[in-house]
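The next block holds one structure in the form of structure tokens; read it before the comments.
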Amino acid sequence: MKYVAFYIKYGYYMYDPIIITGGANMHIKQSEQTTVFQQIFETAPIGIAVVTRDGHWVKVNSSWCECLGYSSKEIMLLDIKKLLFENDWYSMLEALNSNLYEGSTSQSFEREYHHHDGSVIWLSIQLTALKDTFNEEIIYYCIHMIDISGRKETEQQILQMTESQRSALMGSWEWDVGKCKMTFTQQFADIYQWTMDGVNQQDLGVLDLVQDHERERFKESIDEILQEGNDLNFEFHKLLDHENLQYLHLRGFITKDEEGRPVRLNGTVQDVTDRKKVELELQETVERYTSLKKYNHDTVISLDLNGVIINSNGRAEELTGYSINELVGRNISKLIGDVHLESVLSYSLSNVTRENKNANIVHKLGHRVDVIATIVPIIIRELNVGFYILIKDMTEHKRLLIEKETAESMSKAKDQFVTMMSHEIRTPITGLIGMGELLLETTQLDAQQREYVEIMRKSSDSLINIINDILDFSKIESGKIELQDVHLDVRECVTDTLNILSTIAEKKKIGMSAFINPNVPYVCMGDPERLKQVLINLIGNAVKFTFSGEISISVELTPRTDHNMDLKFLIKDTGIGIPQEKVKNLFEPFNQVDHILTRTHEGTGLGLTISKRLVELMGGELKLEESNEKGTTFVFTIHLKKTLNTTEITEPKFPNDETPKGINSIHILIAEDNEINQLVLKIMLEKQGYTTNIVSNGHEVIQALADEHYDIIFMDIQMPGMNGFEVTAWIKETIPSNLCPIIIAVTANALKGDREKCLAAGMDNYLSKPIKLTALKEVIERYY
């Protein structure tokens with residue numbers, strides 16, 4: 001029978017041997033001590049396992065299983081080579097075998113393995129070869145195993161602390177309170193620029209850590225620590241020479257005995273000179289911009305590299321709800337969010353400034369404030385040491401923007417409504433006015449019939465005047481009215497106005513007179529149509545509200561420069577006058593002198609408003625002149641440009657540079673989808689001797705032009721299928737210029753830009769509905 005003995009060592013104890021029998025049918029010999037040894041094997045605090053030479057398990061104790069997280073049954077089913085990793089198992093055997101030649105039967109290893117739960121643990125493993133005592137052959141291997149993960153973690157922390165102290169210029173020290181003695185490390189001596197040989201640690205006290213100028217303050221800190229038990233946190237500076245300072249930071253914690261008396265003060269010292277210099281320069285920069293922040297209308301916040309608020313201005317209190325004292329030391333992420341802070345600050349390092357239009361600030365009360373934030377890095381000695389955040393509160397801006405968008409939307413809707421109503425109303429009025437004019441000119445009517453037609457025509461004219469006033473007011477209010485800069489004859493404007501109103505004045509037996517100073521140029525540059533509109537409004541009001549006496553108009557010149565002048569117009573009447581209480585609202589829209597329920601005169605109440613706005617657009621002023629005389633006196637001025645060219649020759653445009661055609665040879669195409677307007681326009685043209693054809697949409701226009709040649713097309717803009725613009729574009733692209741007909745736009749719209757749009761589309765002229773016979777004649781005579 002063969003025996004192999006091995007010992008288990010743990011701590012300070014030595015256990016008796018376990019006797020193992022050898023041979024072909026090897027088994028553990030039973031003896032009086034077997035039970036005791038079995039208990040020791042199972043309860044040993046270290047893991048013990050016995051395996052055969054080829055790696056099969058013989059016996060494993062519970063500590064071994066617990067160390068790796070398996071049960072004994074699970075262990076016995078596992079291959080030891082896989083459990084301890086195959087390469088490790090063979091490398092350990094190889095190392096052990098090499099030691100066997102040197103007489104050693106054990107080999108120790110430290111390895112990282114995976115616990116059954118997946119975590120990584122450190123194990124101290126001792127592999128021992130058990131030999132047959134007769135032939136010295138290895139029969140078993142005994143594996144001792146201890147979990148050393150805690151020790152490894154401590155070693156790593158010590159290593160990191162040592163490295164951290166070296167890299168952070170940090171040293172350690174200890175003060176024995178009872179003996180008042182100091183000890184310190186080499187790193188500590190290096191920081192203080194002391195030599196270990198030159199300084200006797202036993203002669204040093206804790207107050208020797210600072211120089212005389214800091215000693216009183218440091219003593220107060222030490223006394224507070226000894227009494228209260230607080231940690232030491234003391235920053236100070238040392239004078240190295242006359243020019244240089246060294247900034248040091250002492251930290252420490254007190255240790256007390258069982259009776260609560262302070263025994264030791266252990267601590268560290270760190271050289272923070274570089275950081276302190278940057279902080280001082282940063283603070284200097286912050287103070288330099290204090291005035292900027294104080295009087296800036298936007299919020300200005302200064303941060304360090306970690307986003308901690310250093311300072312801010314008063315506007316920050318209003319924006320965030322926090323006081324400046326509450327903000328200082330707080331991380332800006334509390335206001336803008338951690339994720340946002342990280343992205344903003346990291347981006348700013350590579351970008352000089354960053355404006356974030358989608359930012360928002362969390363107010364102290366919890367609600368969010370929309371802002372625009374501009375991040376500006378603070379650069380000192382070519383290093384980014386902090387940030388300025390300039391924050392603009394967008395709450396009021398957004399409110400104004402919403403109001404602006406709402407106003408623009410309402411203005412657009414109003415323009416669309418006015419355009420639509422203008423078109424819809426003008427279209428039927430065209431029929432009324434056109435038929436009225438035809439009845440008066442071409443039909444034998446008795447007195448009563450003529451009176452009826454005159455009433456119809458006057459009513460239509462009144463309705464058109466109301467529409468025109470509303471359109472003009474709408475264009476002026478929206479800033480969509482532009483003045484022409486063409487030759488203007490002041491005398492002609494005054495004469496035309498008097499001719500229009502003289503019939504009414506004669507019926508009322510009112511005298512009318514006009515005086516134009518001879519020094520007023522005959523021709524200047526301005527907008528004659530808008531000037532006549534103002535004169536018609538003012539003189540028309542004078543005629544309307546005057547029942548006896550006269551109306552006088554005078555024009556005076558006020559030179560300004562060689563190329564500019566002012567004209568002063570005075571319109572005076574002997575009418576009913578304007579009550580004093582009505583004067584203040586005289587130029588307000590829709591204001592009328594007589595009450596709406598009792599008034600005897602027609603009108604929209606927009607005439608004076610429109611006149612005042614037009615005069616202002618012409619660089620002048622309209623006002624009511626105070627007077628004790630009967631009646632009303634309006635005075636207005638306009639600014640005009642002088643011109644050296646006092647004549648204007650307008651040559652008629654002949655199509656294709658040909659000589660004028662006779663009336664009977666002119667062929668006209670009417671493109672209009674409204675049947676009443678078709679009929680009115682056809683009768684008006686044919687009564688003048690022209691030949692006409694009618695089409696109802698754009699496609700029919702193209703077909704008509706394919707069938708025969710037309711000299712003039714009266715082109716409605718709004719037609720089904722192809723509109724007037726689209727048909728005109730097709731004509732200009734398809735028909736040669738020498739065969740292209742004159743295209744005259746006919747539209748119920750009369751807003752700003754309509755005429756310009758038509759001309760830009762290639763049309764030759766423009767008429768707005770309702771079309772009067774005189775206007776129709778004039779436009780045709782311009783070309784033929």
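The values are calculated or read from the model by the stated rules, or taken from the named source; none is laboratory data. Quantities reported herein were computed from a predicted structural model and do not represent experimental measurements. Virtual Cβ from ideal backbone geometry, glycine too; neighbours counted across all protein chains shown.
Listed values, structure above:
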quantity: Residue check, L439 aliphatic (A, V, I, L, M), assigned to a helix (DSSP H, G or I), modelled with pLDDT of 75 or more and within 18 Å of K682 (Cα to Cα); calculated: yes
quantity: For V376: the one exception among (1) in a strand (DSSP E or B); (2) β-branched (V, I, T); (3) at pLDDT below 75; calculated: (3)
quantity: Residue match in region 443-457 (condition: assigned to a helix (DSSP H, G or I), at pLDDT 75 or above, closer than 29 Å to T643 by Cβ and out of contact with any Leu (no Cβ under 9 Å at 6 or more places or on another chain)); calculated: no
quantity: Hey, E529 under 20 Å from K641 (Cα atoms), touching a Lys or Arg at 6+ places or on another chain (Cβ under 7 Å), assigned by TED's automatic domain parsing to the domain that holds N628 and among the acidic types (D, E) or not; calculated: no
quantity: Selection count where residues are over 13 Å from L123 (Cβ atoms) and of a type outside the set (K, R), scope region 49-85; calculated: 22
quantity: Given (1) of a type in the set (G, A, S); (2) at pLDDT 85 or above; (3) not in a helix (DSSP H, G or I), number of the condition G178 does not satisfy; calculated: (2)
quantity: Segments classed as strands (runs of 3 or more DSSP E), wholly inside region 690-784, with at least 1 members that are in the same structural domain as L669 (by TED's automatic domain parsing), touching a residue at least 40 places away in the same chain (Cβ under 8 Å) and under 19 Å from I668 (Cβ atoms); calculated: 712-716, 742-747, 765-768
quantity: Helices (runs of 4 or more DSSP H) completely within region 37-99 that count 2 or more residues being in the same structural domain as D132 (by TED's automatic domain parsing) and of a type in the set (S, T, Y); calculated: 62-68
quantity: Members of region 384-416 that are within 18 Å of I309 (Cα to Cα) and of a type outside the set (F, W, Y); calculated: N384, V385, G386, I389, L390, I391, K392
quantity: Conditions (1) buried (at least 16 other Cβ atoms within 10 Å of the Cβ); (2) in contact with a helix residue (DSSP H, G or I) (Cβ under 7 Å, 6 or more places away or on another chain): number failed by H249; calculated: (2)
